[in-house]
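Working notes, beginning with the structure itself.
Here, each number is a calculation from the coordinates, and none is a lab measurement. These figures come from a predicted structure and were not determined experimentally. When we count neighbours, we look across all protein chains shown, and the Cβ atoms used for this are built from the backbone with ideal geometry, even at glycine.
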Amino acid sequence: MNEMELLIQEAGKCVNCGFCESVCPTLPASSFIASIGARGRVDIAKFVYKNGTVIDPSTSFYSCVDCYACVAVCPAGVNAGKVSEIGRQIVAKSGNAPEVAKMIVQITMLYKNPLAVREMCAKWATGIDFDKSSTILYTGNMYQLMAYLKSFSRVRKMIGSYDAKFARLIRERPSLIRALSRMYDRKMMDQMSIYLRNIVNALKKAGIKFGYLGEEEPYPGTFIYDLGFMDDFVSYAQYVSNLFREHGVERIITVDPHTYELLKYIYPRYVKFDFDVVYYLELIEPKKLEGRYAVHTPCHFSRYFDFTSFISKFIDVSPDTGQTKCCGGPDELLFPQISENISQRRFSELKAEGLPIITACPICYANLAKDDTVYDISALI
């Protein structure tokens, strides 16, 4: 079944009731522009299927944060997030993806890191003694990249409408991206390094032996997949898989939900990936800590298990009574203002509980850390 057939298979179930709009985070964040909402994306998908890509659907499909909140309330079972994923694949294949998206994919394929800072992403581990083991700690550069993406977003805001020209320039001269290696938020980088070291210490105290690839550690390719460049993603996933085999890896300890989902559930669909993939907290014996916390559940964890119940083994948590609520992080790259609006709303909801806020995703942390009451779970364990 090709992408167009998959698109209409998902979108064709829609009865246009609009329930999805009540939970879609991008709709209010865009001042209720209909095409930047769940129902609007499904309607555009139907138009694309019937008429081809006569209109430019990229803004609609690429602004989706893939939180899947829509499917939880849809009586017909339509997943507008899935519609957007397929839509992005169609747009990318047609060559009409946003220039910034094309740039990020090109840089990732070339440098194995979306901002060509793979070596810098290994500096957090300076001085740590890792084991020679077939088990590795795999950060995927995710915590470290948050410090760079904040600065990258500021640059894009400064150049405004010139961002497409900026992206084309980088694509023509990829080495220019290395200038960003010195442009990162130092406070964020220091905090993320502390969190990664917390994870290492927790695993070591649990008696886990593990290695680390250091400067050889590649980014997992999350952007390539999320932006819809599937041929590039398959090639990249094969590269990562081969690299792990060359290092004799058998077990991979992941530290964030995006990498966990990608390696455990998505890679095996496209390449031979028979490694044992685990999330680091699965390896740590739960020990109840003092205090009560408001938990922000990362969207990508909510698809596979009850994260709040999982975390409650470690800390007392305030139950999350709502549907999946996104931090806005996935829109930071292409739609920074929508991302900021979503994150501010989510932060306010959590803050209203009057408790310290906990999450377990570097993207969520970076978007929600608007004051010093927000923590990564590793700060507590």
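Annotations
- Look at the Cα gyration tensor of the stretch 292-379: its axes a ≥ b ≥ c give a/c of at least 1.5 with a/b over b/c, and that counts as prolate.
- For the chain, a simple Cβ point-charge model (Lys and Arg +1, Asp and Glu -1, everything else neutral) yields a dipole of about 540 debye relative to the Cα centre.
- For the stretch 292-379, the relative contact order is 32 percent, taking Cα pairs closer than 8 Å that sit 6 or more residues apart in sequence and dividing their mean separation by the residue count.
- Counting every other Cβ atom within 10 Å of each residue's Cβ, T26, T126 order from fewest to most as T126, T26.
- Spin-label proximity, A164 to the stretch 24-68 - amide N less than 12 Å from point 7 Å beyond Cα toward beta carbon: 56, 58-59
- Contact order relative to length of the chain, as percent, for alpha carbon pairs under 8 angstrom and 6 or more apart: 18 percent
- Using the average count of surrounding beta-carbon atoms within 10 Å as a protection proxy, the listed peptides 38-46, 106-114 rank, highest first, as 38-46, 106-114.
- Most positive-pole-ward Cα, H300, I377, I342, against dipole of the stretch 292-379 from beta carbon charges: H300
- By the helix-only formula, in which each DSSP H run with n ≥ 4 contributes -39500 (n - 2.57) and the sum is divided by residues, the chain has a 222 nm mean residue ellipticity of -13500 deg cm²/dmol.
- Lone cysteines, the chain (no partner Cβ under 4.7 Å): C14, C17, C24, C64, C74, C121
- Pairwise centroid distance, computed over Cα atoms, of the stretch 78-135 with the stretch 4-32, Å: 26 Å
- Computed from phi, the 3J(HN,Hα) profile of the stretch 295-310 under the Karplus parametrisation 6.51, -1.76, 1.60 (θ = phi - 60°) reads 9, 9, 7, x, 3, 6, 7, 5, 6, 10, 7, 7, 5, 4, 5, 4 Hz, with x in place of Gly and Pro.
- Residues listed by number, the stretch 255-277, amide nitrogen under 19 Å from D231 label point at 7 Å toward C-beta: 270-271
- Remark: spin-label model distance L6-Y270 equals 1.0 nm, labels positioned 7 Å along the Cα→Cβ axis.
- Computed over the chain with a Gaussian network model linking Cα atoms closer than 10 Å, the most mobile of V100, V155, V91 is V155.
- Choice from P298, P220, P28 showing the highest fluctuation, given a GNM over the chain with Cα pairs closer than 10 Å: P28
- Residues whose amide H lies under 5 Å from that of G211, counting only those 5 or more places away or on a different chain, are D131, S133, T135, I136, L137; hydrogens are built 1.01 Å from N in the peptide plane.
- Taking 7 Å steps out from each Cα toward its Cβ at A179 and K204 produces label points 4.0 nm apart.
- Cα gyration tensor shape for the stretch 134-263, rounded if a/c is under 1.5, else prolate or oblate: oblate
- Pairs exceeding 24 Å between alpha-carbon atoms, taken from K46/K82; K209/K370; K165/K187; K93/K165; K13/K102: K209/K370; K165/K187; K13/K102.
- Label corresponding to volume of the Cα convex hull per residue in Å³ when calculated from the structure given, among [x] 173; [y] 146; [z] 134: [z]
- Modelled label positions at K313 and A352, each set 7 Å beyond Cα in the direction of Cβ, lie 3.2 nm from each other.
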